[in-house]
Amino acid sequence: MAQSNTSQPSGGGRLLNTFLNRPVKDHGSGWSSLWDLGESDLWDRGKASPALVDIVEQQTELLNPFTADGKRKKALVPGCGRGYDVVMLALHGFEAYGLEISDTAVKEAEKYASTELAKPSAYHFGTEQRPSSTPGSVTFFQGDFFTSQWDFKGGIDETTKFDVVYDYTFLCALHPEQRKKWVASMARVTKSGGLLICLEFPLYKDPKLPGPPWGLKGVHWNLLAEGGDGVITGEVGEDGKEKKPATAEIGDFRRSLYVKPARSYEVAKGTDMVSVYARK
Ligand SMILES: C[S@@+](CC[C@H](N)C(=O)[O-])C[C@H]1O[C@@H](n2cnc3c(N)ncnc32)[C@H](O)[C@@H]1O
C-alpha cells in the first residue's frame, strides 16, 4: 500500500475513505470497487516480493516445490491482487493458486500471468541462476477467503489443503474484527505440517491508527501461535511477541522461522519481518 513518511497512508486517504463508514460485512465489495475504479496503485508494488523470492531460493529444504513422491506442492496466495507472487511461486516449481474477491483483479492477474510465464521478468529471481525445476502452473479463483464458495477449477475444491500459503498485505487490509476469521480460514486451507509464510507489514505503523493498512506489530504471533484475537494492547518485543507473562501456545500454528529479510519493498522502511508458521 502506498505510504507517506509518516505512519499514515498517502493517496489523500483514498483507501481509508473507502472503508471508514462502510460496515465490515461490506468491506469485500469495497475492495472490488477499488479494483473496478482502477485504484490498485494504492497498494500494488508492481513486482513479486523480493523477501519471498529469497526465502524460496534459500530455504530449499523447507520450500522444496516437490513432495517426497515427486508431486508438485500446491501453494495458495489469498488476496493475491495482480498475482505477482503467484507467478513467482510457479516459476519456482509450485502448482500455484491465487484467490481474489474481485473479478477485475482475477482478470488482470490472468493477463499478467500469461505474459510473465512466457517471458519472466528478472525480479522473479534472486540470483543469476534460474531454478532447476521446470515451472509449475498458475490458476486464479474468484471468491471470498472467508467462505468456501470460490470458483474452483483444475481439481481443486473446498476440501483441498495447500502445502504452502503466503500472506502479504492481505491481513493488514482486513478490519481488526476480521482477524479471527483470517486465522480460521488460514487453518482451514493449510495442510497439517504445511507452511504459512507471512511477510509482516506494516510493523512501523501505530496499531491504534485506522487502516487499511492496519498496523500489525505482534498480531501474527498472537493470532497464529497464541490463538488470540489479534488485538494488541501492550508493547511488542523484537521477537514479534507482546511483552507479557508467557501464555500457552494454543493456536493452530507453530512458528518455525522469524527473520528480517535482507531485501524487501522500500515502503517497509526496513521493518518488514518474514515469519514461517507450520500448521499443527
Ligand atoms: C492490499 S491488497 C494486496 C494485494 C496483493 N497481496 C499484493 O501484494 O499486491 C488486498 C487484496 O485482498 C483482496 N481481498 C480483500 N478481501 C478479500 C477476501 N475476503 N477474499 C479474497 N480477497 C480479498 C482485495 O481485493 C485486494 O486485492
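Structure data summary
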quantity: Residues satisfying the stated conditions in the stretch 99-123, i.e. in a helix (DSSP H, G or I) and of a type in the set (Ser, Thr, Tyr); calculated: Thr104, Tyr112, Ser114, Thr115, Tyr123
quantity: Whichever residue in the stretch 68-98 is assigned to a strand (DSSP E or B) and more than 22 Å from Trp35 (Cβ to Cβ) and, among such residues, is farthest from the ligand (Cβ to nearest atom); calculated: Arg72
quantity: Residue within the stretch 106-113 that is more than 16 Å from the ligand (Cβ to nearest atom) and basic (Lys, Arg) present; calculated: no
quantity: Neighbours by Cβ (under 8 Å, 6+ apart or cross-chain): first from the stretch 175-189, in contact (Cβ under 8 Å) with a residue 40 or more places away in the chain; second basic (Lys, Arg); calculated: Ala187/Arg279; Val189/Lys161
quantity: Inter-residue pairs, beta-carbon under 9 Å, first over 15 Å from Trp43 (Cα atoms) and in the stretch 11-32, second near the ligand (Cβ under 10 Å from one of its atoms) and among the acidic types (Asp, Glu), 6+ apart; calculated: Gly28/Asp144
quantity: Residue in the stretch 126-141 that is surrounded by 15 or more Cβ atoms within 10 Å (Cβ to Cβ), within 12 Å of the ligand (Cβ to nearest atom) and touching a residue at least 24 places away in the same chain (Cβ under 8 Å) present; calculated: yes
quantity: The stretch 27-67: number of residues that are part of a helix (DSSP H, G or I) and within 11 Å of the ligand (Cβ to nearest atom); calculated: 14
quantity: Count of residues meeting criterion [over 22 Å from His27 (Cα atoms) and either within 15 Å of the ligand (Cβ to nearest atom) or of a type in the set (S, T, N, Q) (or both)] in the stretch 171-197; calculated: 4
quantity: Strands (runs of 3 or more DSSP E) lying entirely in the stretch 160-263 (those with 3 or more residues that are buried (at least 19 other Cβ atoms within 10 Å of the Cβ)); calculated: 162-168, 190-200
quantity: Pairs where the first residue, in the stretch 100-119, is in contact (Cβ under 8 Å) with a residue 40 or more places away in the chain and the second is open to solvent by 70 Å² or more (accessible area, probe 1.4 Å) and within 12 Å of the ligand (Cβ to nearest atom), C-beta under 8 Å, 6+ apart; calculated: Ser102/Asp36; Thr104/Asp36
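The values are calculated or read from the model by the stated rules, or taken from the named source; none is laboratory data. These numbers were taken from a predicted model, which means no experiment stands behind them. Positions of Cβ are backbone-derived with ideal geometry, glycine not excepted, and every protein chain shown enters the neighbour counts. Keep in mind that these areas ignore ligands, DNA and RNA; they rest on the heavy atoms of the full protein, side chains included. Shrake-Rupley method; radii C 1.70, N 1.55, O 1.52, S 1.80 Å.
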